[in-house]
1. Would you please state the base-10 log of I(q)/I(0) at q = 0.09, 0.14, 0.19, 0.20 1/Å for the stretch 634-788, with intensities from the Debye formula using one equal scatterer on every alpha carbon?
2. Fully extended, how many nm does the chain gain between Glu57 and Ile133 (0.36 nm per residue separation, minus their Cα-Cα distance)?
3. Mind checking which lysines have their C-alpha under 30 Å from Lys378, skipping anything on the same chain fewer than 8 residues away?
4. At 7 Å along the Cα-to-beta-carbon direction for both Ser2 and Asn782, put a label point, then send me their distance in nm to one decimal.
5. Given the peptides 258-271, 64-77, arrange them by the average over their residues of other C-beta atoms within 10 Å, most packed first.
6. How many angstrom separate the Cα center of the stretch 656-730 from the Cα center of the stretch 401-427?
7. Apply 1/(1 + (r/R0)^6) to the Cβ-Cβ distance of Leu409 and Glu521, taking R0 = 45 Å, and write down the FRET efficiency to the nearest 0.05.
8. Just to be sure I understand the model, the point goes 7 Å from the Cα along the line to the Cβ. What's the resulting His295 to Arg275 distance in nm?
Amino acid sequence: MSYILSFLSMIAGVVYLVVGVTTYTLNKKSTIGKAFLLLTASMALWSFSYSHAYVTENIYIFGFWNKLSAFGWCLFPALTLYMVFALTKDRFLDSTLKCALLFAPAALFCYMDLFVFFPGKPYSHGAYRFFQIANPVYSYAYTLIGIVKLVLWQHNTPYKIVKKQARIILSTAICTYLLSMAGEFLVPLFIPGFLNCTQVFGVIMILGIYCAIRKYNFLLTPNELIVNELFEETMDFEFLVNLKGMITRVNRQVLKTLGYSLEDLASVSFEELLREEKGKRFSEWLNEDNIKTKHCKNVTIRTKAGENITVNMSIVPISNSRNELVLGYLIIAQDIRAMEELKREMESHQETMRKLRNSEELFRTVTQTIPYGIICSKRSDKAVFYVNKYAEVLFERDFNSIININAELLYHNKAFRDRLLELVRKEGQAVNQVGIMRRPTGEFLAMVSMAPAIYKGEEVVFGCISDITEQNRLKKDAVKSEEMLNKLMDSIPDLVMVTDIEGNINYCSKNIESFLGYSTEQEGFPKNILDILDFLEEGKEKAFGNRLPEILHNDINIIQTTYKRKDGKVRIAEIKASALKDEDKEAFGYVFVARDITEYKRKEEKLARRKAEVEEINKRLLKSNEVFKEKAVKDSLTNLYNHEYIITLLKREIKKQRQEPKGLAVMMMDIDYFKKVNDTYGHQAGDKVLIKISEIIQESIGENDYAGRYGGEEFLVILREGQTEDTALKAAERMKERISNCIFENNELRVTISIGLVLHDGESTHELIKKADKLLYQAKYNGRSRIERSMEHDN
């Protein structure tokens with residue numbers, strides 16, 4: 001029994017180390033992951049120590065291993081409860097004093113075991129009695145508290161994935177708890193001298209946690225380190241939120257534009273940044289079962305100062321590539337204020353261009369349709385003494401209600417009128433300014449012309465006012481209309497050119513110099529739009545020129561091309577071209593609007609490169625995961641499957657055989673006199689023999705067959721589908737012969753093997769291995785270097 005417990009304890013120690021290190025490498029920055037690694041390390045120390053303590057008969061050696069294991073069994077309950085508190089976010093851990101008290105019993109019992117009790121030396125029976133009672137109470141009480149906390153956590157959480165994680169961990173923890181109590185209190189009643197093996201039972205709980213990690217991402221967080229740089233470089237607002245909708249991270253653009261600090265957004269729900277109706281819809285969307293990418297337009301986000309910003313928003317679920325479980329959400333919000341403003345400007349520009357005609361039509365329209373409101377006021381008391389009929393219509397007042405009122409009441413801002421009067425005083429003539437006027441139903445934008453005069457010996461001011469708000473009225477003559485249009489065009493950041501039907505340039509906005517590096521006043525500047533193509537990059541002129549007839553038939557044409565500035569730099573431009581048509585749909589000119597998109601294209605290319613880098617990193621991570629998986633099932637020395645995995649493969653094949661028998665054979669083989677090899681040539685030579693024989697075995701079996709190291713110098717080979725006694729025997733003889741003919745260690749060392757060969761005939765895994773093992777020992781008994789097929793046959 002002691003040797004069985006020693007073997008199981010050693011295996012448990014290996015399992016603890018493998019699970020702990022594997023989990024830690026999945027997320028090295030997780031605090032809970034580090035605590036879990038410490039927990040598995042303490043359990044591994046406990047298991048390894050007791051694997052030696054179980055088989056020793058010397059009380060001093062036993063005392064040494066028992067004291068070494070104390071670090072494990074003393075820390076295990078405290079570390080387990082600490083992990084449960086951290087996992088459930090219990091406020092108990094907010095206090096450093098409480099954390100210290102949590103580990104105080106562990107420190108006390110570890111100190112007593114190390115420094116109070118020594119084999120063969122007297123000690124206080126009272127202290128020993130206290131240790132015998134208090135230590136189990138501490139261990140089982142801490143574990144029970146942890147189980148109760150997990151039950152409450154599972155019950156209270158609204159998330160399905162958390163419930164699945166908690167269900168797996170709870171079932172394995174309860175199983176471990178009950179087995180440990182049985183080993184502590186019940187089994188000794190029936191098996192005197194039985195030593196409890198809680199460190200072995202703990203493997204069940206650790207494997208349960210590992211299952212939750214691999215299957216449901218327990219203890220893991222999204223792989224955000226890979227996308228750090230890409231996340232910070234984007235110009236849109238980006239938010240990372242968890243499954244509860246709480247903001248966990250934002251990019252630099254959010255902090256810069258919205259005005260929040262990282263402290264402001266800590267533990268804040270994204271819903272709080274949205275308007276009420278959108279916030280409720282966001283919460284409902286998070287609770288949907290089938291979550292997909294969601295796109296929302298014209299969503300309002302509040303800044304820290306209370307300003308509302310309109311954005312187009314995309315909500316993207318972030319899921320694990322292995323099991324498609326949702327880990328959180330990436331919210332990308334694009335500020336569309338500039339685009340909306342540009343859209344309005346373009347609409348205004350198109351409306352203005354639609355109304356434009358040739359100069360004669362434009363002059364006739366201006367003289368016939370533009371009305372003016374005339375207001376005369378005294379300079380001294382600012383009282384209005386005369387208005388014309390259109391002024392009555394313009395200000396929505398009758399003559400009597402305007403006369404004698406203060407003229408300042410008709411202006412939105414008193415400072416605007418004062419500025420006009422100051423200009424009139426300095427220049428001594430009429431001045432023109434655009435400003436906002438006031439009427440009972442609201443305000444309107446007006447062109448105000450003001451001039452000084454003398455009326456009946458008194459200084460007066462004549463004001464000529466035109467409403468330009470709703471209809472963007474043109475000035476009273478073509479020259480002024482063209483000037484107003486030029487100012488409008490010059491205010492647009494894009495390059496604007498207007499031509500007649502033959503391509504002769506009638507207008508070019510002032511920013512052409514910043515666009516191409518050429519000034520319109522420069523001698524030799526092109527007069528025709530086709531001549532300006534000389535500024536485009538070589539090879540683009542013909543393609544652009546061929547598109548001109550197409551513009552006559554389409555409202556708007558978008559052309560993307562490269563162009564060369566005067567300084568030789570090649571830039572990228574997007575040109576929008578449209579035809580000007582009269583009421584009969586006949587074209588009489590063109591409008592070209594060009595925008596430099598070089599920086600936009602560079603950012604687009606940079607984003608594409610970053611995306612490719614992220615994809616390459618993901619590929620390397622997937623490849624690394626495959627390597628880790630391979631190492632977990634292979635024996636580190638022989639590179640054959642390890643004991644646990646070869647048994648798993650055999651169980652799987654036996655299950656297939658029961659469903660559809662196709663012939664399955666198993667060979668149990670052992671190197672003859674291998675101990676003598678180690679004693680004579682050393683363990684390094686023995687390892688080389690094991691490696692070489694493993695290579696021969698692997699080369700001798702089919703690609704669909706399995707070979708594993710069963711233990712020490714024993715090997716287990718599974719010959720899969722289509723095996724008969726003859727085919728299996730031939731494979732065994734082939735291996736035996738190749739190994740017998742192989743020479744090791746400077747042509748001095750030869751070894752042989754004994755093989756037990758058995759065909760599956762409905763046996764269970766345990767029965768089949770036991771049968772093969774008996775045949776192996778029969779081969780040993782009959783002289784070694786033999787193959788035994790059954791108890792009756794002799795090879």
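Any read-out appearing in this document is the output of simple, stated calculations on the displayed coordinates, not a laboratory observation. All values derive from a computational prediction rather than experimental measurement. Note that each Cβ is placed from the backbone with ideal geometry, even for glycine, and that neighbours are counted across all protein chains shown.
1. Relative scattering, expressed as log10 I(q)/I(0), comes to -0.27, -0.64, -1.17, -1.29.
2. 24.8 nm
3. Qualifying lysines at Cα under 30 Å: Lys389, Lys414, Lys426, Lys456, Lys475, Lys476, Lys480.
4. Each label point is offset 7 Å from its Cα along the Cβ direction, giving 3.7 nm.
5. 64-77, 258-271
6. Here the two parts' Cα centres lie 106 Å apart.
7. Between Leu409 and Glu521 the formula returns 0.45.
8. So the two model labels end up 2.1 nm from each other.
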